[in-house]
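Rule-based calculations on the coordinates, nothing more; no lab input. None of these values were measured; they are calculated from a predicted model. Here the Cβ positions follow ideal geometry from the backbone for every residue, glycine too, while neighbour counts run over all protein chains shown.
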Amino acid sequence: MSVPNLKLNTGATIPQIGLGLWQVLPGIICKRAVRIGLEAGYRHFDTAQAYHNEQHLGAALKDSRLKRQEVFITTKIRTANLGQDDVLPSFEKSLEKLQTDYVDLLLIHFPVTEHRRGAWQRLEEIYKSGRAKAIGVSNYMIHHLEELLAECQIKPAVNQIELHVFLQMSELVDYCKKKGIIVEAYSPLAHGHGLDDPTLAKIAKKHGKTAAQVMIRWCIEIGTVPLPKSTHKDRIKENFEVFDTFDSPKARSVSTSSSLSLRAEGLSPVEWVDFKLDQQDMTDLAKLNRNLRTCWDPTNVP
Ligand code: A2P
């Protein structure tokens, strides 16, 4: 199974799925999640200073013995470090914890009114120094992006926002597309809310997939980069299986809807075909939008 890469406005590429490490406990739990993620095929990991697990991601990647250029690492400058004098020293600590001399993507974690403009200048300096291969923002709404685009020397490559079928943010997603900014979807599973939705269940059954896989696939269909989080082995793998599916009479006769168990039965990989949501699925999923926020709401941040 190959993961598509999207092109960033820097010319570099980003794998179209990443393992989200928000609320992944620091220490052994995080190291284990990353190790399982690597075994499943993830090569893109999303951490942040505020998650307190940069060092455990760094340690797990070191243990993997993969070459640095084989993985895509994102971190974010936390709110408390967005002051102009704090961005650089905090970023240096992040690099140390990650055991690397560069990140693939560095984000401003939240559009803090009094700090975001100065902080962006620091990110531009870091980008120019080569220690972040791309820079971007998180939780920015259209008005925050308009301010940034009017002033910046280097355009943001990415805006990472809460995005899922229950919070579709189509105006913001379209705006980012027009401006050449890749949208990343955090909490693509709405933090586990709504996985029992009947529309999701119907579409999941039709494709021999799970509701979670349909939610993640929806993010891919609209051209964004989902960052599902899990610390459970089966779910980490399940969430990655969104690019292909098993299609054969034998597969359809298997009682479970999870493609994972089909693979576990040793069915031949030649029978794997692309997993895609069709127009009817997308129309049905569009109706699930209900502005459900499971995290911060930056809408009214001036
Ligand atoms: P856990 O870490 O215990 O597996 P999001 O990425 O939208 O923030 O969602 C994360 C939440 O969804 C976590 O509570 C996670 O729990 C749960 N989760 C992740 N993957 C799945 C899955 N495939 N099926 C059900 N729940 C999941």
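Some observations on this one:
- All distinct Cα pairs of region 96-156 go into the 1/r average, and the inverse of that average, the Kirkwood radius, is 12.0 Å.
- Extension gain for residue 80-residue 280 works out to 67.5 nm (0.36 nm per residue, less the C-alpha to C-alpha distance).
- Pairs exceeding 32 Å between alpha-carbon atoms, taken from 128/237; 206/233; 97/209; 31/133; 128/233: 128/237; 97/209; 128/233.
- Cα principal axis extents for region 35-115, largest first, Å: 42, 19, 19
- Evaluating 6.51 cos²θ - 1.76 cosθ + 1.60 at θ = phi - 60° for every residue in region 186-196, the Karplus couplings come out as 8, 6, x, 9, 6, 6, x, 6, x, 5, 9 Hz, glycine and proline recorded as x.
- Theoretical FRET efficiency, 1/(1+(r/R0)^6), r = Cβ-Cβ of residue 96 and residue 196, R0 45 Å, to 0.05: 0.55
- Translational diffusion of the chain, estimated by Stokes-Einstein from the Kirkwood radius over alpha carbon pairs at 25 °C in a medium of 0.890 mPa s, is 124 µm² per second.
- Using a Förster distance of 35 Å, the FRET efficiency for residue 178-residue 244 (Cβ separation, nearest 0.05): 0.70
- Once the chain from residue 121 to residue 12 is taken as fully extended at 0.36 nm per residue, the excess over their C-alpha distance is 37.1 nm.
- Within the chain, helix-based [θ] at 222 nm, where runs of 4 or more DSSP H residues each add -39,500 (n - 2.57), nearest 500: -11500 deg cm²/dmol
- Under 5 Å, built H, 5+ apart or other chain: amide partners of residue 103: 132, 133
- With N as its number of residues, region 156-234 has a Cα radius of gyration that, divided by 2.2 N^0.38 Å, comes to 1.12.
- Label reach from residue 149 (point 7 Å along Cα→C-beta): in region 158-188, amide nitrogens under 16 Å belong to 158-160, 170-184.
- Region 1-151: proportion of alpha-carbon pairs further apart than 27 angstrom, %: 20
- Computed FRET value (nearest 0.05) for residue 113 with residue 205, which takes r as the C-beta separation and R₀ as 41 Å: 0.35
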